[in-house]
Amino acid sequence: MSARSGSLPRYVAQRLLLIIPTIWLIVTFVFIMLRVAPGDPVSAAVGGKLDEAALDARRAALGLDRPLIVQYFDYLGDVATFNFGQTISDNRSLISIVVDNGGATLTLTLGAFLFALLVGIPLGLLAGRYRDSAGDVGIRIFGVVTYAAPVFFIGLLMQLLVAGPLGMPTSDIASPITKFEVEPVTHILLLDAVIAGNWDAAWDVFLHHILPCITLGLLLCGVFIRLVRVNVLQTLKGDYVEAARARGIAEKHVIRRHAFRNALVPVVTVVGLMVALTLSGAVLTERTFNWPGLGTQLYNYLIARDYAAVQGLVTFFAVVVVLVSLLIDIINALIDPRVRY
Amino acid sequence: MLALASAGVMIASLAACGGDEGDGGNGGGGATGEAWILGTTETVTSLDPAGSYDFGSWNLQQNIYEQLLVIPGGETEPVGDAAESCEYTDPQTVECTLREGLTFSNGNELTSSDVQFSMERNLAIADPNGSSVLLGQLKDPDADALAEGAIETPDDQTVVFHLNAPDTTFLQLLTTATTSIVDEETFPADKLLADDQVVGSGPYKLSQWKPGEQAVLEANESYDGERTPKSGQVFIQYFSDPVPLKQAIENGEVDIAWRTLSPTDLNDLEGVDGVNVIKGEGSEFRYWVFQFANKAVEDKAVRQAVAQIIDRDTIAQDAYDGTVEPSYSIVPPGFAGQKDSFQEKYGEPDPDAAKKLLADAGIKTPVNLTLGYTPTRYGPNLVDEANELAEQLNSSGLFKVTIEDAEWEEYQNLYKEGAYDLFALGWYPDILDADNYLTPFIRDGGFYANNYSNDEVNKLLDEELAETDAAARDEIIGQLQDIVAEDVPLVPSWNGQNVAVARDGMEGVEGTLDPTYIFRFWEISKS
C-alpha cells in the first residue's frame, strides 16, 4: 500500500510534466500544417475582391510577411506566457471563445456520454449475458451501425425523421429568446437557466439538447456495447464466478454482483480514451445542429484560415484530452488495487 | 411542439415589452410590431465600421448606424440619411448638410466632427479586415491617413469632402457601411471598439451580441429619421451551414432565412406550406475569366469563339434550376449605362459562327482549353455550371476542354499563376454603380491578374469617373462594355437574384430585396 501511494503522486507529476512537450509538439504540428495548407487569413477573407498588392499590404499589417521561423518563435513565446492573443478574423480573445462557447460543448459531450452510458452499458450487459441469442445479434448489429455511421448522417436522419414529426428543435442550443433572456453566469446555458429560476428557458435548453446528445451519444454507444459485452463474456468465464456458482449463490446474484460489476471496470479506462473521439464527433455534431460550441468555432476559424484561433483551440483541446486521460489514470489507480505505476 | 409553443409565448411577451417601451419614445421608439427572427449563414467580422468588409457585418451596421446617405428599398439613387443633402459643388468636391438634432443612441450629439472622425479613424486603423481601401479618394497617398484638408467641417452641420480625383461614384460610397458615422466620444481613434460596445444613431441599437450565435437589435428611441422601425426587436440567428438553416425555416424556428440557401433548397421550399420564397432583383455577377498570359487563349478569336458558343439560358436552367438570369454584359441590368453588349455582338449561341471565327484567324481546332473552378466558394452548383460549359464547348467540336478544380485558397493562387485558361469567379458590388463592375475588372489585369490591359479602356475609365453629365457618362460606360465584348477578357455568365424565404405573416420582405443586398430590418414586420 505504501509503495502504491508513493508511486501515484510521482506518476501524476511525471504526467503533468509531460504535458509541456506534448503541447509543444501539437502547437508546432498545427503551426506547420496551417502554413503548409494553401491560403491565409487575408485571402480567405477578401481574396477574389482585392488585387495582389492590396492583399500583400494586409498580410504585412498582420505580420504574415515575416519569415516563418520568426512567426513560429513569436508564437511559442506567446504560448509560453499563456498569451493566446486574439483571433485574426473577428478580434475575439481566445479566452473569451473558450468561456463563451465551451459550455455548449461541455453539456453536449456530457449529455452524449450520459446517453451512451445509459443505453450502451445495459445493452452490452444483456448481449453478453444472452450470448448468441437473437437479442445479442440485434444489439451487436445496432452497436456496429451506430459506431460506423457518420455522425452528420445520423444527425440528418434525426432532424428529418424525429424532429419533424415530434416538433422538436433542430438547431442551436436554445431559442434566440431564451438566449436573450438568460444572463450568463457560468456560461453553461442549462445551468444558468436553472440558477435564474427560469424553468421555461431551462426546458427549452433541455429540449434543444435531446437530438444532438443522442446523435453524438450513439457514436459512443456502439463502443460501450461492444466493450461491455466482451467483458461480460470474459468475467462469466472467470474462476470467481465459477466459485460463486459452486457455493450455490443464485445465478442472478452471480451475474449482478460478480460478473456485471467487474465487467464495468474497463469502461472507466475507455471513457478517458473516448474523450478525443467525443471531441472530434462533437465538431461534426455541432456543425449538423448549428450548435454554438467550440467545434463549430474551430470549423469556422479553420475555414477563415485564422491561425491564432485554430492554434489556440487545438491547443485547448489537447490540454483537455491530456488532463482527462490523467484523471482517468488516477481514478483507475484508486478503484482497482491491481493497478501499479 | 412544446419548444415552439414556449418560444412563441416568449416572443409574444417580449414583443409586448418592446411595444410598451416603444410607445414612450419618438422615431424608432414608435415601433410596436412583434419581434421576429432572421436566420442567415453570413458571418460577422466586426461591428465597428472600421473593421469589416463583408456582408454579415455591413448588414448589421446599416441598421445600427446612420450613413450620410441611404438607398431606399427598390431604388438606386441615394437620398439623405444623416445628411439632409449631399451635392457636388465641383467634380472633386462634395458638400453635405446634416439634419438638425442628430444624436447617438447613448444620447451624445452627432455633428460634422463625428463624420470627419469616422472617416479619419477608418483610414488610420487600416484594419486588415476592414474596407478603408474604399476611402481612397480621401486618403493620403503616402500614409494610412486622411489626406490633409480632405474633409472640412466649417460648422456642426456641414461636411465638405475634397476628393483626390474627380469621382462621380462618391455619393454612392456615402451610402455604404464603410462610411457609417460613429461617436468620437465612444470609439477609439486608433483601434477597433469591442463589438458588444458599439453605439450608432441608426434605427436600431445593439441589445445583445453573442459572436457567431446571435445578435439582438432593439428600436433606437432617439432615432427620428425616415427609417422608422416597424418592429421593436429583431433577432439575428447565425447558422454555420445552410442545411440547418433550411430545417429552421421549414420548422418555423426562424421567421426569415436570408443568405444563403442553394437553388436546390429554394426549389424544395417552394412547395412547403407556410413558407414563401421571395425573389428580388440582385447584383451578384458570375463570370469566366480568360488568362491572357496563357498561349491557348492569347488569340482574340479563341476568346470570341467561346463567347459565341456559351449557352447561358441552358446554364441558368440546368445548373441553377432557373434561379439566376443569363448575363450578357460585364455590367448587370438596372445600372445606368448598361447594355447587353455580348448579346448585340454574338446573338444566339452559334457554333458555326464560332467555327468561322477560328477559321478566319487560322486557328487549328480543336483548341485545348483548361477550365478551372472552385467548389468551395461559390456554392455547390458551380460544378454543374463548369460541366455544362465544358460540354457546350466540347460538343461544338472546336474545343477540347479539361476541367480542373481546387479548394478556394489554392484556387486563388492557381488562377493567378496561369493554371487555367478560363476560370470562374463571382462578384458582389461595393456600391451600386456601373464602375464597380468595370474598374476592378478591366483596368490593367483587374484584381484577378489576368494580364489584360488596354490603354483605351484605362482612358475611358478615367473619363467615366470624372464625367458629371449622366448621359455622357452612360455613353462612355456603353463603350467600355462594347470593348469588353470585343476583347473578351471575360465571358459574363449570369446575374443572381436576391432571395429570401419568409414564413407566412412576414411583411416588407419583398421591398428590401434589391441589388444593394441591404436587409432593411426597419421595413420588416410580423403579423
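No lab work stands behind these numbers, since they all come straight from the coordinates. Keep in mind it's a predicted model, so treat the numbers as computed, not measured. Glycine also receives a Cβ, built like all others from the backbone with ideal geometry; neighbour counts cover every protein chain displayed.
Remarks
- For segment A:254-333 versus segment A:9-25, the spacing of their alpha-carbon centroids is 19 Å.
- Summing +1 for each Lys or Arg and -1 for each Asp or Glu among the other residues whose beta-carbon sits under 13 angstrom from that of B:Val488 gives -3.
- Candidate cross-link partners of A:Lys237 among the lysines, defined by an alpha-carbon separation under 25 Å and a same-chain spacing of 8 or more, comprise A:Lys252.
- 10 Å-binned pair-distance histogram of segment A:139-247 (Cα, whole percent): 13, 28, 23, 18, 11, 6, 0
- Residues B:Ser113 and A:Ala80, FRET efficiency given R0 of 35 Å [Cβ-Cβ distance, rounded to 0.05]: 0.20
- FRET E, pair A:Leu17, A:His187, Förster distance 30 Å, beta-carbon r, rounded to 0.05: 0.50
- Förster radius 41 Å - calculated FRET efficiency between B:Asn458 and B:Asp156, Cβ distance, rounded to 0.05: 0.50
- Loop-located chymotrypsin sites (Phe, Trp or Tyr not before Pro) in segment A:72-102 whose Cβ has at most 16 other Cβ within 10 Å (DSSP): A:Phe82
- Shape call, segment B:61-171: gyration tensor on alpha carbons, a/c limit 1.5: rounded
- Share, in percent, of DSSP beta bridges within the protein assembly as shown that are antiparallel, nearest 5: 75
- Translational diffusion coefficient (Stokes-Einstein; Kirkwood radius from C-alpha pairs) of the protein assembly as shown at 4 °C, 1.567 mPa s, in µm²/s: 43
- For segment B:398-517, the fraction of alpha-carbon pairs in successive 10 Å shells from zero, as %: 10, 32, 30, 19, 8, 0
- Span-like helix ranges in chain A, DSSP H, alpha carbon extent 30 angstrom or more, Kyte mean at least 0.0: A:2-36, A:94-129, A:199-236, A:265-288, A:307-335
- Kirkwood analysis of chain A, using all unique Cα-Cα pairs, places the hydrodynamic radius at 23.0 Å.
- Chain lengthening between B:Thr186 and B:Glu475 when straightened (0.36 nm per residue, less Cα-Cα): 99.4 nm
- P(r) weight above 15 Å for segment B:396-450, C-alpha pairs, percent: 59
- Distance in nm between pseudo-label sites at B:Asp321 and A:Val36 (7 Å out along the Cβ direction from Cα): 4.0
- At 0.890 mPa s and 25 °C, Stokes diffusion of chain B via Kirkwood alpha-carbon radius, µm² per second: 100
- Take chain B and mark each of the GluC sites (Glu not before Pro) that is in a DSSP loop with at most 10 other Cβ atoms within 10 Å; the longest unmarked stretch, sites excluded, is B:149-527.
- Inter-centroid distance (Cα atoms) of segment B:344-366 relative to segment B:503-520, Å: 44
- Structure note, pairs B:Lys416/B:Lys459; B:Lys364/B:Lys416; B:Lys139/B:Lys459; B:Lys345/B:Lys459; B:Lys139/B:Lys345; B:Lys210/B:Lys246: Cα-Cα distances above 29 angstrom occur for B:Lys139/B:Lys345.
- Cα-Cα pairs of segment B:287-363 separated by more than 16 Å (percent): 58
- The distance linking segment B:419-434 with segment B:111-168 is 27 Å (Cα centroid to Cα centroid, whole angstrom).
- Computed over segment B:239-337, the alpha-carbon pair-distance distribution with 10 angstrom bins reads 12, 32, 28, 18, 9, 1, each value a whole percent.
- Between B:Ala353 and B:Glu407, the distance separating the two model label sites (each 7 Å from Cα on the Cα→Cβ line) works out to 4.2 nm.
- DSSP H segments from chain B that extend 30 Å or more along their own axis, Cα-based, with Kyte-Doolittle mean of -1.0 or above: B:2-23
- In straight-distance terms, cross-link reach from B:Lys205 covers every one of the lysines whose alpha-carbon lies under 22 Å from its own, apart from those fewer than eight places away in the same chain; here that gives A:Lys179, B:Lys191, B:Lys230, B:Lys526.
- Using only side-chain charges placed at the Cβ, +1 for Lys and Arg and -1 for Asp and Glu, the dipole size of the protein assembly as shown relative to its Cα centre rounds to 7500 debye.
- Zone of B:Asn368's modelled label, taken as backbone nitrogen in segment B:298-335 under 18 Å from a point 7 Å along Cα→Cβ: B:298-299, B:302-303
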